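Notes to accompany the following structure.
The values are calculated or read from the model by the stated rules, or taken from the named source; none is laboratory data. On a predicted model such as this, the values are computed, not experimentally measured, just so you know. Don't worry about glycine lacking a Cβ; one is built from the backbone with ideal geometry, like all the others, and counts go over all protein chains shown. When the accessible area is computed, the model is the full protein with side chains, heavy atoms only, and any ligands, DNA or RNA have been set aside. Shrake-Rupley method; radii C 1.70, N 1.55, O 1.52, S 1.80 Å.
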Amino acid sequence: MYVPKESQPKQGGGAAKARDGEKGGKRKIVAQNKKARHDYAIVDTYEAGLVLTGTEVKSLREGRTSLTDGFVQIDRGEAWLHNAHIPEYHQGSWTNHSARRKRKLLLHREEIDKLESKAQETGHTIVPLALYFRDGRAKAEIALARGKKEYDKRQTLREKQDRRESDRAIAAAKRKQRGA
């Protein structure tokens, strides 16, 4: 089978990149906070590790978690995830965790300082966008966000609907052209 030169892997392949310390890997998304993208204008996003207990990891792997009421707070130089609902592991015993406990986020010092200074500005907050596994480790995607006004939310929905309608019209025209 012929493979064009552009699509052939370069010398060294993907294994060399992984050895060089370049971050990558496939993300297995466990939970997303779609409401946050609707209610807030995302300014900047960060990837943070999570400090979890064993039953929390097992419960996350089952995929029954919710981020809708979650928020991030910086307390004494540490980032904490509050109100993220990770239900108790059904096969857990006395070692089970509480569902809405606060969980520590692992970030670099510079990132925490930057988030703290930006979050203190009027109208800014830090919200979780997603929980996922990357290379077997639980990660949280958090965002520095600014609250949207009601008219901004309506404008965003209107733009989304207009885009959807135009895509449908283009697809219908292409189908009609192929059929003729």
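Tabulated values for the structure
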{"read-out": "Test: residue in region 32-42 that is in a loop (DSSP other than H, G, I, E, B), open to solvent by 50 Å² or more (accessible area, probe 1.4 Å) and aliphatic (A, V, I, L, M)", "value": "no"}
{"read-out": "Residue count, region 70-92 (criterion: over 12 Å from residue 142 (Cα atoms), open to solvent by 70 Å² or more (accessible area, probe 1.4 Å) and at pLDDT below 85)", "value": "3"}
{"read-out": "Cβ-Cβ under 7 Å pairs, at least 6 apart or on other chains, region 148-174 side modelled with pLDDT of 85 or more, far side surrounded by fewer than 10 Cβ atoms within 10 Å (Cβ to Cβ) and among the basic types (Lys, Arg)", "value": "none"}
{"read-out": "Positions within region 106-147 being surrounded by 17 or more Cβ atoms within 10 Å (Cβ to Cβ), among the charged types (D, E, K, R) and under 21 Å from residue 39 (Cα atoms), in sequence order", "value": "141"}
{"read-out": "Those residues of region 56-69 which are closer than 13 Å to residue 103 by Cβ, over 14 Å from the mean Cα position of the chain (by Cα) and open to solvent by 10 Å² or more (accessible area, probe 1.4 Å), in sequence order", "value": "57"}
{"read-out": "Residues located in region 112-151, provided they are more than 19 Å from residue 74 (Cβ to Cβ) and out of contact with any strand residue (DSSP E or B) (no Cβ under 7 Å at 6 or more places or on another chain)", "value": "135, 136, 149, 150, 151"}
{"read-out": "Residue within region 8-27 that is surrounded by 13 or more Cβ atoms within 10 Å (Cβ to Cβ), closer than 24 Å to residue 112 by Cα and modelled with pLDDT of 50 or more present", "value": "yes"}
